[in-house]
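The structure appears below as structure tokens.
Every number here is computed from the coordinates shown, using simple stated rules; none is lab data. Here the structure is a predicted model, which means the values were calculated and not measured. Here the Cβ positions follow ideal geometry from the backbone for every residue, glycine too, while neighbour counts run over all protein chains shown.
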């Protein structure tokens, strides 16, 4: 059962335009959401996060939106740059310690290609 | 801050041998570390959660006798792949959280294991 889903395996965007990456989740216990960027043969790099008490968080060119009723979050990158080309993973967690452990569940990733 | 170092970055071993992968938090104390595995073009699959000074919690389907995890100190967790087989070839990534509650995971750079 895939609790965190990224339905678009790939996305191409022109340099300077907005990139929108989407993520859906099924577990209503999730209350902390994160986005990571990953290059091949490297570990993921943390980009931005949002807790369920907010519906928007912004950091420079990156903005994450959370729609709890739809169990949906999205990452907006504007303006997109060629260096943003990578695989983006969303992740969800029950932020408080539950059952003695934390757990971060990742989506399947979306490969973003920013065209110069 | 929040640097996680993973070693080695790649390893080739013969079938039947064991391989140890180290994960260190360099500038913070990590009470909880996580081990993930990534197959080509797939998501990050959580293998186990490692808490300092206690036994690791393994995800369903992960053989605890094959993937031995030790978290002996607040800055070091190790994953040992015992009696490795070619199907264990994969990209293994460790991660750690810096605090409790709403805290992002910080990842090491991963270890590419190839079993011949």
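Computing FRET efficiency as 1/(1 + (r/R0)^6) for residue A:70 and residue B:112, where r is the C-beta to C-beta distance and R0 is 45 Å, gives about 0.75. Normalising the average separation of contacting C-alpha pairs (under 8 angstrom, six or more residues apart) by the number of residues puts the relative contact order of the range B:48-94 at 29 percent. Sorted into 10 angstrom bins from 0, the C-alpha pair distances of the range A:1-68 split as 16, 48, 33, 4 percent.
Taking 8 Å as the Cα distance limit and 6 or more residues as the minimum spacing, I'd like the relative contact order of chain B as a percentage.
Details: 302 pairs, mean separation 42.9, N = 116.
Answer for chain B is 37 percent.
Panel note: the C-alpha atoms of the protein assembly as shown, placed on their principal axes, show extents of 50, 38, 35 Å (largest first). Mean partner shielding of peptide B:40-50, defined as the number of other chain Cβ atoms within 10 Å of each residue Cβ, is 4.
Entry note, chain A: relative contact order of 36 percent, from Cα contacts under 8 Å with a spacing of 6+ residues.
State the dimensionless ratio Rg/Rh of chain A (Rg: radius of gyration of Cα atoms; Rh: Kirkwood radius). Could the numbers behind the result be given before it?
Numbers: Rg = 13.9 Å, Rh = 14.3 Å.
Rounded to two decimals, Rg/Rh equals 0.97.
Of all DSSP-defined beta bridges confined to chain A, some 90% are antiparallel rather than parallel.
Rounded, prolate or oblate: which fits the range B:1-46, taking a ≥ b ≥ c as square roots of the Cα gyration tensor eigenvalues, rounded meaning a/c under 1.5, else prolate when a/b beats b/c?
Values: a/c = 2.31, a/b = 1.46, b/c = 1.58.
Taking the square roots of the gyration eigenvalues as a ≥ b ≥ c, the range B:1-46 is oblate.
Taking the fewest neighbouring Cβ atoms within 10 Å as the starting point, the ordered list for A:106, A:46 is A:46, A:106. As a proxy for reagent exposure, B:74, B:79 were ordered by neighbouring Cβ count within 10 angstrom, fewest first; the result is B:74, B:79. Computed from the alpha carbon atoms alone, the convex hull of chain B holds 99 Å³ per residue.
Mind sorting B:105, A:47 by how few other Cβ atoms lie within 10 Å of their own Cβ, fewest first?
Values: B:105 28, A:47 20.
Taking fewest neighbouring Cβ atoms as first place, the list is A:47, B:105.
Modelled label positions at residue A:111 and residue A:52, each set 7 Å beyond Cα in the direction of Cβ, lie 3.4 nm from each other. Peptide A:105-114 is shielded by partner chain Cβ atoms: per residue, an average of 2 of them sit within 10 Å of its Cβ.
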